[in-house]
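S.K.: Below are the C-alpha cells for one structure; questions will follow.
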Amino acid sequence: MRTPDPQAAAAEAARDAYGRLVAWLARRTGDLAGAEDALADAFESALQSWPRDGVPDRPEAWLFQAARRRGIDAHRRRLVRDQAEATLELMMVDREEAPSEDHRLGLMGLCAHEAIDPGIRAPLMMQTILGLNAEQIGRAFGVAAATMGQRLGRAKRKIKEAKIPFEPELDRARLAVVCEAIYGAFGIASEAGLRDATQDALVLGRLAHRASGEDPETGGLLALMLHVDARRDARRLGGRYVPLDEQDTGRWRRDRIVEAESVLMAAARHRRPGRFQLEAAIQSAHAQRALSGRTDWDAITDLYERLLAHNDSAGARLGWIASLAESRSPSTALQALNAEPSEVTDTQPGWALRAHLAEALGQDPRPAAEKAIALSPDPAVQAHLSTRYFATR
Amino acid sequence: MKYAVIVYEIDDQFEARNDPARKDEYWKTWGAYSQFLGDRVSGGAALQGVETATTIRLRDGERKVQDGPFADTKERLGGFFLIEAADLDEAIRLANECPSAKTGSVEVRPVLPIG
C-alpha cells in the first residue's frame, strides 16, 4: 500500500499473509512470541522470493506450508526441551488448507490490552501484524533498535507469562482502545515528520476498519488519518513549518482527501457518531477550503462542541477556543481560554493560542509566544513562532 | 493459572487496623473480600505494619541489617492472596474488588511455576 509497484505489492501480500497467520497461531496457543518465531523463517523467504518470483496463488497456504516444513526441521533440531507451543501447534494441524479466519483484529485487541504499556501498543501491532522488525519500528519512531526490541520483547513475555487472553471479538470499548493506540502512534509520527511510521499506522487503520466490518469509529479514525496525511507536504515548506490556515491547498493530496471523505460519509450513515468521526469531520471542514477557498468556522465550532461532549481533552478544548476566535470574536475566545484550568492553558498549543489571541486583540503577544517557543519540541515550529512574533518589523 | 494479588495499603489503613473506632469496619471489608474470593484462594497472609519490618542485605559477604521496609514509600505491602483465575482479565476482575484498590493499590502478578 505504500507504493503501487509490483515488488512492494508482493511484500505487502507477504505481510498480509504473515499477520493473518500470526494472529491465528497466537489465538490458538496464547504465545505471541512463539507464533512469530514459528513463522519467522518462512516469512523471511517470502519477503525475498515473492517480489522476485511473484506472489503465489494462495499466499497464506504457501506461508503456512513453508512454516510447517521449517517448524518440523527446527523441532527435530531442538527436540522437546524447548516449549515452542506455537511450533508444535503448527505441526499438529492436519490439513492442507491454511487457516481462513482472520483474527487480526483480535490480535490488535491483545496488543492494546489495558495491561500493556500504552506506548508500546502500536509498535507491537506493527511487529506482529505487519511483520516489521524492531529495527524498522525503532527507526520509524526514532528509538534505538535494541531499546525497541527490548520493549517489544517485554510486552510479549507479559502476554504469555501473565496469560493475557486473546479475545477474537472486540466490543466497542476495546475497539476504541485499539483506535486510540493507532492514532496515538500516527499523531506522534506525523508531528515529528516520521514518514514510515505514519504510513504504517495508516495501514493498521485500514486493516482495523476492514476487519471490524467497517465500524463507524474505525472509519472515523481512517478518515482522520487520511485528512492529516493529505496535508503532509503542505505542513513543511523547505524545512519551514506552515500552520494549517496558511497552507497552500494546492499542495494537499487530493486522492487522500477524496478517500477520507468517502470513508467518513459511509461511517456517518450508521448514525452512531463518536470521537474519531467528529475529529475527522472537523478535518473535513478544514479540507473544504481547498474547494471553496474559505473555512466554515461556525460548522467547526459546532463540531468541536459535539466532540467535547464525546471526548473531553485539552487538545479538543483548545481547538474549540481557536475556532471561537473566528466564528465569534477573539475576545470571546480569550474569555473561554481564561476559564480553562492550567492543564489546558499551560501547554505549548495553549500558549501559542494565547499569543495568537493577544495579537488579534492588539495586545503584546510576545510573553505568551516566548512560553510557546520554549515548550515546542520541534525546531521548525520554534522558528515559525520566532519569525511570526519576534522578527523586527 | 495462579496469580498473587498483592495488597498495598496507605498508613491510614494500617492505623485503622488497631483504631478502636475503625477496626471493626476495616476487618469487615477484608472478611467480605475473602468471602468474595471464596475457593479461588489457595493461600496468602496479612502482614504486620512496616514498623515491625527488618530489611537484610548481603553485600560483599557483609550483612547489613536495617530497621524498616525495603523501600520507604507511601503505599506499603500489607499482605497478599494467592488466587486461581482463568487468565489475566479474570484476575484483574477479582483484584478490582480488593479493599485497598480504593485507598492504596493492588498488584496482580502471575506466580512463577516451579518444577
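The values are calculated or read from the model by the stated rules, or taken from the named source; none is laboratory data. Computed from a predicted structure; not experimentally measured. Cβ: placed from backbone, ideal geometry, glycine included. Neighbour counts: every protein chain shown.
S.K.: Restricting to the stretch B:59-87, give me the number of residues that are closer than 30 Å to B:TYR33 by Cβ and part of a loop (DSSP other than H, G, I, E, B).
M.R.: 10
S.K.: Looking for something among the aromatic types (Phe, Trp, Tyr), farther than 29 Å from A:GLY315 by Cα and modelled with pLDDT of 90 or more - is there at least one such residue anywhere in the stretch A:170-188?
M.R.: No, the conditions are met nowhere in the stretch A:170-188.
S.K.: Tell me whether the stretch A:97-106 contains one or more residues that are within 14 Å of chain B (Cβ to nearest Cβ) and not hydrophobic (A, V, I, L, M, F, W, C).
M.R.: yes
S.K.: Would you pick out the residues in the stretch A:261-279 that are more than 18 Å from the chain's Cα centre (by Cα) and under 22 Å from A:SER313 (Cα atoms)?
M.R.: Hits for the stretch A:261-279 are A:ARG272, A:PRO273.
S.K.: Please determine, by comparing only the residues of the stretch A:244-264 that are assigned to a helix (DSSP H, G or I) and of a type in the set (Lys, Arg), which one is farthest from A:GLU191 (Cα to Cα).
M.R.: Among residues in the stretch A:244-264 that are assigned to a helix (DSSP H, G or I) and of a type in the set (Lys, Arg), the one farthest from A:GLU191 (Cα to Cα) is A:ARG254.
S.K.: Taking the stretch B:8-57 as the region of interest, how many residues are in contact with a Phe, Trp or Tyr (Cβ under 6 Å, 6 or more places away or on another chain), in a strand (DSSP E or B) and buried (at least 16 other Cβ atoms within 10 Å of the Cβ)?
M.R.: 2
S.K.: Could you say whether any residue in the stretch B:31-50 is more than 14 Å from chain A (Cβ to nearest Cβ) and modelled with pLDDT under 90?
M.R.: Yes, the conditions are met somewhere in the stretch B:31-50.
S.K.: Across the stretch A:163-213, what is the total count of residues that are part of a helix (DSSP H, G or I) and either more than 14 Å from every other protein chain (Cβ to nearest Cβ) or not aliphatic (A, V, I, L, M) (or both)?
M.R.: 35
S.K.: Which of the residues belonging to the stretch B:80-115 are over 12 Å from B:ILE6 (Cα atoms), touching a helix residue (DSSP H, G or I) at 6+ places or on another chain (Cβ under 7 Å) and within 9 Å of chain A (Cβ to nearest Cβ)?
M.R.: B:ALA85, the sole residue that qualifies.
S.K.: In the stretch A:69-118, what residues are among the small types (Gly, Ala, Ser), surrounded by 13 or more Cβ atoms within 10 Å (Cβ to Cβ), modelled with pLDDT under 90 and not in a helix (DSSP H, G or I)?
M.R.: A:ALA84, A:ALA98
S.K.: In the list B:GLY68, B:GLY79, B:GLY104, which residue meets the criterion of being within 14 Å of the chain's Cα centre (by Cα) and surrounded by fewer than 17 Cβ atoms within 10 Å (Cβ to Cβ)?
M.R.: Of B:GLY68, B:GLY79, B:GLY104, the one residue that is within 14 Å of the chain's Cα centre (by Cα) and surrounded by fewer than 17 Cβ atoms within 10 Å (Cβ to Cβ) is B:GLY79.
S.K.: Also, I was wondering about something else. Only residues that are of a type in the set (A, V, I, L, M, F, W, C), within 22 Å of A:GLN150 (Cα to Cα) and more than 23 Å from the chain's Cα centre (by Cα): list them for the stretch A:6-49, please.
M.R.: Those that are of a type in the set (A, V, I, L, M, F, W, C), within 22 Å of A:GLN150 (Cα to Cα) and more than 23 Å from the chain's Cα centre (by Cα): A:ALA35, A:ALA38, A:LEU39, A:ALA40, A:PHE43.
S.K.: Further question: Any idea how many residues of the stretch A:234-243 are surrounded by 13 or more Cβ atoms within 10 Å (Cβ to Cβ) and not in a strand (DSSP E or B)?
M.R.: Qualifying residue count for the region: 4.
S.K.: Same structure again: Quick check on A:LYS156: is it among the basic types (Lys, Arg) and within 13 Å of another protein chain (Cβ to nearest Cβ)?
M.R.: Judged against the criteria, A:LYS156 is not a match.
S.K.: Show me the helices (runs of 4 or more DSSP H) entirely contained within the stretch A:283-393 in which 2 or more residues are at positive phi, crowded, with 17+ Cβ neighbours inside 10 Å and among the charged types (D, E, K, R).
M.R.: Here the list is empty.
S.K.: Also, I was wondering about something else. What are the residues in the stretch A:214-227 that are surrounded by fewer than 24 Cβ atoms within 10 Å (Cβ to Cβ) and either among the aromatic types (Phe, Trp, Tyr) or not in a loop (DSSP other than H, G, I, E, B) (or both), if any?
M.R.: Within the stretch A:214-227, A:PRO216 is the sole residue that qualifies.
S.K.: While we're here: So which pairs qualify, if the first residue must be in the stretch B:63-91 and of a type in the set (Lys, Arg), the second must be assigned to a strand (DSSP E or B) and exposed (fewer than 15 other Cβ atoms within 10 Å of the Cβ), the Cβ gap must be under 6 Å, and the two must be at least 6 apart or on different chains?
M.R.: B:LYS64/B:ARG57
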